[in-house]
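Here is the structure we will look at, set down as structure tokens.
We did not get these values from a lab; they are worked out from the coordinates using the rules stated. What you see is a predicted model, and the numbers here were worked out from it, not measured in a lab. Glycine also receives a Cβ, built like all others from the backbone with ideal geometry; neighbour counts cover every protein chain displayed.
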């Protein structure tokens, strides 16, 4: 199959629908990496630099994907994949090239004005009121513990691992390294009382209890909490942990430290002040809060906050990322002073690649419970996130704050 390069004066193949011609014209702006588009008729259109790296491949099955993408931006592009209108032999590589050229492909990424407004309204309707917050969490986390255990590592940890300089280590070991760093950053005395906001399947709670601390953990997911409670019983640590289904806004009492691992992303911008005030109020004076948070690049934040992306529409209803600047400012407004920060976004890219590989290895089992559209959605989600961390569009970090008064 011949590949058609994209030199100056390049023209689209004859007979393309108008939307396809426009999309192909936009792809001529690709500057970073290589992209090959395989058309439904078998042409191969090449874009970008001719460097030594393997090309990302977009296999177009149906040119309706072009109109859907131009109309709906990144959400439309994802939806066209869910509908089977395109695929790729390496989703992470494809989405990494697209993310690296996001500024050049802005029209395709952001879609039409009316569609952006519609998506924003849909996102607003799922904002995290007390009732809706529970619905949002259940929509994602109560897909079933069996689903998540099919592709997470044995620690059942659904947040970034910390590989450091050893990218070859097992994922489970890197997850435990993440927990150890958080515990070390909290500078705890033996037998300290820790509040975990968003305790998931209990991985951090188990690590903290094993270190001799007492943990109160809250979550809105029945499925996760039941798993976490049974986990602590099996480990013989149930007397050191109180894990409950409860909104963080309803927690009472004082704690020596607070941990919250990739939970702030589910709070929503309107409730960021409430979240950080809750952390402040839960801490004794001098106590520390360690937050592992996914952030979006500062220079993208203002536009991002006025849009609604694929993840908000299909994966995490009600969610929103803060920028680092905004995250630290919200904490400071709640009288929480930043004392330590460690960013490790590339580790998240590696974590996500491993999750996707494990997902693909068990996809036969997953298809017994979920349809093909669901499978395509989750594969796209994992690859989309990996691309964001690989290109620096998103980052993850551990932020440690002190309550001074």
Among 213, 81, 176, 342, which comes first, second and so on when ranked by fewest other beta-carbon atoms within 10 Å? 342, 176, 213, 81
Determine the relative contact order of the chain: mean sequence separation of Cα pairs under 8 Å and six or more apart, normalised by residue count, in whole percent. 16 percent
Relative to the longest principal Cα axis of the chain, at what angle does helix 324-333 sit, 0 to 90 degrees, rounded to 10? 30 degrees
Helix 64-82: inclination vs the chain longest Cα principal axis, degrees, rounded to 10, gives 50 degrees
How far is the Cα center of segment 329-369 from the Cα center of segment 163-201, in Å? 13 Å
Exposure proxy order (Cβ contacts within 10 Å, fewest to most) of 201, 63: 63, 201
In deg cm²/dmol and to the nearest 500, what is the mean residue ellipticity at 222 nm of the chain if only DSSP H runs of at least 4 residues count, each as -39500 (n - 2.57), divided by the residue total? -14000 deg cm²/dmol
Grab the alpha carbons of segment 202-266, take their convex hull, and tell me the volume per residue in Å³. 87 Å³
Quick check on the chain: what are the equivalent-ellipsoid semi-axes from the Cα gyration tensor, as sqrt(5λ), descending, whole Å? 40, 22, 19
Kirkwood-based shape ratio for segment 261-376, expressed as Rg/Rh from alpha carbons: 1.05
Just to check, using Stokes-Einstein with a Kirkwood Rh over alpha carbon pairs, what's the diffusion coefficient of segment 315-405 at 10 °C and 1.306 mPa s in µm²/s? 103 µm²/s
If one builds a Gaussian network model of the chain from Cα atoms under 10 Å apart, the most fluctuating residue listed among 383, 168, 99 is 168
How high is the relative contact order of segment 306-405, given as a whole-number percent (alpha carbon pairs under 8 Å, six or more residues apart)? 44 percent
When a footprinting reagent is the concern and you count Cβ atoms within 10 Å, what order do 35, 22 take, fewest first? 22, 35
Measure nothing but the geometry: give the 0 to 90° angle between the long axis through the Cα atoms of 372-391 and the longest principal axis through the Cα atoms of the chain, rounded to 10°. 80 degrees
